[in-house]
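Some notes on the structure that comes next.
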Number of protein chains: 2
Amino acid sequence: MTSTLGYAILAILARHPRSGYELSTAMSRPLGYFWTARHSQIHPELQRLVAARQVSFEQVPGPGPQDKKIYSLTDEGLAALRQWVVEPPQIRPERDEMVLKTYAAWLADPAELIRLFRDQLEAHERRLSSYEEQRASMPEAPAHGSPAFGNYATLWCGISYENHRIAWCRWMIGQLGTDRDLLEKNDQLSASLYPSWDAVKPSES
Amino acid sequence: MTSTLGYAILAILARHPRSGYELSTAMSRPLGYFWTARHSQIHPELQRLVAARQVSFEQVPGPGPQDKKIYSLTDEGLAALRQWVVEPPQIRPERDEMVLKTYAAWLADPAELIRLFRDQLEAHERRLSSYEEQRASMPEAPAHGSPAFGNYATLWCGISYENHRIAWCRWMIGQLGTDRDLLEKNDQLSASLYPSWDAVKPSES
DNA sequence: GTCCTCATGTAAACCGTTACATGATTTC
DNA sequence: GAAATCATGTAACGGTTTACATGAGGAC
């Protein structure tokens with residue numbers, strides 16, 4: 001019954017109670033990297049969760065004209081969240097605009113494509129270094145059972161993902177920039193950092 | 001004006017003309033891994049693309065009661081596609097249900113989590129070996145300018161992505177399965193195949 | 001005769017974004 | 001005094017999924 005957005009809200013409230021406003025800031029970039037939502041989606045969803053008895057709220061006088069509502073998980077909500085976590089995820093189609101562009105890249109001007117992938121590369125490098133910073137200010141391998149484990153594990157995934165993306169951008173730039181000065185640079189970078197086809201081959205079959 | 005779905009259709013038609021039905025099979029799993037759509041979305045979009053003069057069609061008598069329509073790109077459509085390819089992609093939020101579950105994983109039973117990540121791991125391994133097979137039946141590094149380049153580059157991305165995902169699943173299973181017999185197995189697997197934090201560190205800052 | 005593939009469409013429901021709407025408090 | 005932050009909501013729109021609707025031809 002509860003939507004994935006609903007579980008995202010429950011997952012955040014499981015850490016500590018928050019207002020709808022705080023939820024919406026937590027679920028917008030650059031904080032909410034793996035599930036985002038606007039306040040216009042969060043407020044109605046909170047109302048639904050209250051109706052389903054998965055969250056409750058207490059009203060405290062806020063700065064604005066309306067009362068501030070501090071939402072927290074109910075026992076029912078926590079139980080539902082716990083159950084949902086270990087259920088296999090819905091298979092939702094991957095829609096990746098960069099990969100789609102790549103599929104049609106054979107039609108486009110190589111110089112412009114290089115510019116596009118350089119921009120992407122920079123963006124992913126910026127994200128990676130931000131993740132690395134976050135990791136640095138975090139205890140190494142927190143115990144399962146503490147919320148820090150969730151933070152640590154999602155960060156690990158994020159760092160791994162950015163490395164994958166960076167390797168791919170570098171490879172693309174290398175492929176597109178044949179017989180040019182950037183060839184040597186990119187060859188070095190992409191060959192070492194990421195599993196190339198050839199390096200992976202001996203492991204299986 | 002044209003939506004991303006529109007460009008996805010243009011990108012497929014740029015290879016060779018197809019009917020709406022053929023488009024819908026091409027854009028459903030397991031073929032269309034990076035942009036999927038149902039026929040109920042494709043047929044109206046094709047009508048819009050025809051109205052925008054980006055595709056044209058010729059009717060041939062089909063098996064059913066209605067004529068089969070073979071769509072192909074117009075010069076205008078090809079030009080629009082070429083332009084779109086090198087434009088920076090819209091930043092669309094990442095919504096990853098597995099990462100969201102991971103964020104809340106500290107609440108769940110480790111044994112059940114291991115089961116979940118093992119299933120995920122298997123699915124990604126299956127995909128990877130299917131990709132590897134496809135790569136094997138493909139010329140090494142096709143020239144930019146031929147459609148084979150698009151196939152090769154998207155496959156490279158897919159293989160890199162699956163490797164990232166596999167490494168992450170293995171790491172998670174290793175983290176969850178402390179003081180158990182599976183610890184040794186997973187330590188070996190994840191440490192070698194994928195960049196751990198520590199291995200990446202000396203490169204930057 | 002039933003099921004599967006080929007073939008094209010429409011309608012309702014759902015999810016998410018953008019825009020509309022209001023207003024107090026704090027900071028510059 | 002203007003702008004940013006805190007705070008909560010609704011409405012319109014666009015994209016996606018699911019369901020409805022039809023029907024020929026071939027395989028079993």
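Of the residues B:158, B:174, which single one is open to solvent by less than 40 Å² (accessible area, probe 1.4 Å), within 27 Å of residue A:108 (Cα to Cα) and at pLDDT 95 or above? Before the answer, list the steps.
Details: B:174 fails: within 27 Å of residue A:108 (Cα to Cα).
Exactly one of B:158, B:174 is open to solvent by less than 40 Å² (accessible area, probe 1.4 Å), within 27 Å of residue A:108 (Cα to Cα) and at pLDDT 95 or above, namely B:158.
Among the numbered conditions (1) within 16 Å of DNA strand D (Cβ to nearest atom); (2) part of a loop (DSSP other than H, G, I, E, B); (3) in contact with a Leu (Cβ under 9 Å, 6 or more places away or on another chain), tell me where residue B:84 comes up short.
Failing condition for residue B:84: (2).
Could you name every one of the helices (runs of 4 or more DSSP H) located completely within the stretch A:1-79 that has at least 3 residues being more than 21 Å from residue A:150 (Cα to Cα)?
A:39-51
Which of the numbered conditions does residue B:79 fail, given that it passes all the others? Conditions: (1) without any contact (Cβ under 8 Å) to a residue 60 or more places away in the chain; (2) within 14 Å of another protein chain (Cβ to nearest Cβ); (3) within 13 Å of DNA strand D (Cβ to nearest atom).
Tallying (1) without any contact (Cβ under 8 Å) to a residue 60 or more places away in the chain; (2) within 14 Å of another protein chain (Cβ to nearest Cβ); (3) within 13 Å of DNA strand D (Cβ to nearest atom), residue B:79 fails exactly one: (3).
Each row is one residue, and each column tells you yes or no for (1) farther than 30 Å from residue A:44 by Cβ; (2) touching an Asp or Glu at 6+ places or on another chain (Cβ under 9 Å).
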residue: A:96; (1), (2): no, no
residue: A:99; (1), (2): yes, no
residue: A:122; (1), (2): yes, no
residue: A:131; (1), (2): yes, yes
residue: A:152; (1), (2): yes, yes
residue: A:160; (1), (2): yes, no
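In the set B:44, B:61, which member is within 10 Å of DNA strand D (Cβ to nearest atom) and in contact with a Lys or Arg (Cβ under 8 Å, 6 or more places away or on another chain)?
Just one listed residue meets the conditions, B:61.
Filter the stretch B:36-69 down to residues that are open to solvent by less than 40 Å² (accessible area, probe 1.4 Å), farther than 24 Å from residue A:93 by Cα and in contact with a Ser or Thr (Cβ under 7 Å, 6 or more places away or on another chain), then give me how many there are.
2
If you take the residues in the stretch B:10-32 that are under 20 Å from residue B:84 (Cβ atoms) and in contact (Cβ under 8 Å) with a residue 60 or more places away in the chain, which one is most open to solvent (accessible area, probe 1.4 Å)?
Among residues in the stretch B:10-32 that are under 20 Å from residue B:84 (Cβ atoms) and in contact (Cβ under 8 Å) with a residue 60 or more places away in the chain, the one most open to solvent (accessible area, probe 1.4 Å) is B:15.
Of the residues B:146, B:137, B:160, only one is more than 8 Å from chain A (Cβ to nearest Cβ) and free of Cβ contacts under 8 Å to residues at least 24 places away in the same chain; which? Outline the logic, then answer.
Numbers: B:146 fails: more than 8 Å from chain A (Cβ to nearest Cβ); B:160 fails: more than 8 Å from chain A (Cβ to nearest Cβ).
After applying the criteria, what remains is B:137.
Suppose we filter B:53, B:38 for residues that are closer than 15 Å to residue B:78 by Cβ, without any contact (Cβ under 8 Å) to a residue 40 or more places away in the chain and touching a helix residue (DSSP H, G or I) at 6+ places or on another chain (Cβ under 7 Å); which single one remains?
Values: B:38 fails: closer than 15 Å to residue B:78 by Cβ.
It is B:53.
I'd like to verify a number: residues in the stretch B:16-67 that are of a type in the set (Lys, Arg) and closer than 18 Å to residue B:3 by Cα, how many?
Residues meeting the conditions: 3.
State which residue is farthest from the other protein chains (Cβ to nearest Cβ) when the search covers only the stretch B:82-102 and only residues that are away from DNA strand C (no atom under 16 Å from the Cβ) and surrounded by 19 or more Cβ atoms within 10 Å (Cβ to Cβ).
B:84
The values are calculated or read from the model by the stated rules, or taken from the named source; none is laboratory data. Remember, predicted model here, so these are calculated numbers, not experimental data. Ideal geometry is used to build each Cβ from the backbone, glycine not excepted, and the neighbour counts take in all protein chains shown. These accessible areas exclude ligands, DNA and RNA; they are computed on the full protein's heavy atoms, side chains included. Shrake-Rupley method; radii C 1.70, N 1.55, O 1.52, S 1.80 Å.
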